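Below is one structure, written out as structure tokens; comments come after it.
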Amino acid sequence: MVYSGEVKIETAPHTENCNIHPQISYLPNFLEPYESFLKQLINQLEDTLRITDLAFKPLTDNSLLKNRILEIIRETSKANFVFVLAQDSQDRWFVKSQSDLAVNQDREIYVENLKSQILSNICIQSVFNPAYRGIYHTHEDQNGNHSTVVIIPLISPPTAEMMVVCGLRQNSHLLGDAYSRIVSTLYQVSQKLSFQPTLIEAAIIDDLKKYFGFVCASLYERRFQLFCERLQKMVIYFEPILHLDPEDLFISGWEALARNPDSLTAPSDLFDAAQLWGSQFSLELDQYFLRVATQTYLEARKKSKQARADDVKPLLVNVYPDSLIQKAYFETVCQILKEKVIQPRNLILEISEKSELPMFSNDESFESSIKVFKKKLLEYIKLKIKFAIDDFGVGHASVSRLVGLHPSHVKIDREILHHQHSDVIIRFVHELVGTNTLNPSNVIVEGVDETIPISLHRLKEIGVSYIQGYIVGKPSPEIYRLSQEKADFLKNLLLGKTTRIEGLIDTPHVF
């Protein structure tokens, strides 16, 4: 019988906590069973750090580290043996690293059975099938019990590597591709991240998100917690922007840059996480960065004794376009201004070209989004805050965004300088910003250093008035004025009196 009648579904009124039907449960997420496994792995890593000195040993080709990671995988998986096979130039397989063998196993018998029953029958094409994340085979072990061998691809041929996990229970909840992702990522990233458990844990959760497209709620919350903890360790450096005029050379502003406290490199993992996980992460990053950058700038100014209003140069702070439309970010800006950490005329928010403008509805055109986005920016402009477009020329719809937003500053990405027709492109940008005759944008060329194929003299000839890069000064925790020696050096380059730019790029600053 075919039922064609109408089905009526009663809907409960909306409530904040949705507890009207307490007997209802959410369908479980398939990643939830792996949470405790991941937590155990990280706990084992932390225990290893406490009882060994692995963290202080070189990590390249460190067999002790690799073996210990495999031992952690074996113990946490409740397996008998874990090892990594690698392929040499003659297509021969050899054991690259290995765990210990479980105490209840006879090594000779176990290895012989493994070779004869499993390894001799491996189909390499199956292991490295791109549609799957490994293979498994269930067999009878030396004690008459059924156990499973899992073979996980690590590096594809021709220099192939694969991990072999022996002795998992036949009905183990770990028999899934999520297990493969977790243990392979653990093994690979632990050798790159200086054996830092929190960074390794974050990398594993990121990999699950990339592979499956989502994670369960608790893993998401854990990843956000790790992200916030990582933010707290970030430090701020400042890179100078130079007004390019031989008769009036001076530092016209500073860009705030996030740095790792240990390596002083950009914390790319934070930016990658913000891109991967979306607006909650990027908003948290932008709010924290704005607060710390402005406060650090205030402290740096006090140390340099640049307290007078005329001495204070604008501070450029990067922000994702999506954050600018969030109420929380606007409130953070207002709070900073209220506390007089920085004057609004000295704050310039940089909108990266590498990020798309937020679309406010599915059927909205780019031009319409520009219009709505510009309306949002007016709230900041009313506070006397200015805007810059960063990375111009390498991002999304550069010309449309430039014409639509009329920013006070436009920063040309250093990649343009290595373009065959870089001077034509730079002239074109100047013509574009010049269409706003009442308030044309200042054009800043980024990444000017000793490697660019165009001279400072030529940049000035084609109309560039502001530059940023190592030729002016490397990022520093301090702010300063140009020394006379550095000013003379740059002036000679501008006038074409010398084409050599070595010597003063790393010279200490004289105040």
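Quick note: the coordinates plus some simple rules give every number you see, no bench work behind them. Just so we're clear, the structure is a prediction, and the values are computed from it rather than from any experiment. In this analysis, Cβ positions are derived from the backbone assuming ideal geometry, glycine residues included, and neighbour counts consider all displayed protein chains.
Whole-percent P(r), the stretch 233-494, all Cα pairs, 5 Å bins from 0: 1, 5, 13, 17, 19, 18, 14, 8, 3, 1, 0, 0. Applying 0.36 nm per residue to the separation of K327 and S483 and subtracting their alpha-carbon distance, the gain on full extension is 51.9 nm. Highest mean first, the peptides 269-277, 42-50 sorted by other C-beta atoms within 10 Å per residue fall in the order 269-277, 42-50. Karplus-derived 3J(HN,Hα) values for the stretch 379-384, using 6.51 cos²θ - 1.76 cosθ + 1.60 with θ = phi - 60°, are 4, 6, 4, 5, 7, 6 Hz; glycine and proline are entered as x. Between the beta carbons of R458 and R259, assuming R0 = 35 Å, the FRET efficiency works out to 0.65 to the nearest 0.05. Computed from the alpha carbon atoms alone, the convex hull of the stretch 33-224 holds 124 Å³ per residue. The fraction of Cα-Cα pairs per 5 angstrom bin, counted from 0 for the stretch 110-267, comes to 2, 7, 12, 13, 13, 11, 9, 8, 6, 5, 4, 3, 2, 2, 1, 1, 0, 0 percent, rounded to whole percents.
Distance between Cα centroids, the stretch 410-489 to the stretch 78-120: provide it in whole Å. Going from one Cα centre to the other spans 59 Å.
Of the peptides 330-342, 231-243, how do they stack up when ordered by the mean number of other Cβ atoms within 10 Å, highest first? Walk me through the numbers before you get to the answer.
Details: 330-342: 15.6, 231-243: 18.8.
Per-residue mean Cβ counts within 10 Å order the peptides as 231-243, 330-342.
Tell me, in nm to one decimal, what length is gained between L64 and N43 on full extension, where the rule is 0.36 nm per residue of separation less the Cα-Cα distance? Walk me through the intermediate numbers first.
Working: separation 21, 0.36 × 21 = 7.56 nm, distance 1.86 nm.
Once the chain is fully extended between L64 and N43, it gains 5.7 nm.
Per-residue extension of 0.36 nm, minus the Cα-Cα distance of Q420 and S36, leaves a gain of 132.8 nm for this segment. The label point for I381 and the one for N104, both projected 7 Å from the Cα toward the Cβ, are 7.3 nm apart.
If you filter the stretch 70-137 for chymotrypsin sites (Phe, Trp or Tyr not before Pro), then keep DSSP loop positions with at most 14 other Cβ within 10 Å, what is left? Of the chymotrypsin sites (Phe, Trp or Tyr not before Pro), the ones in loops of the stretch 70-137 whose Cβ has at most 14 other Cβ atoms within 10 Å are Y132.
Label-to-label distance for L27 and N129 is 2.5 nm, based on points extended 7 Å past Cα in the beta-carbon direction.
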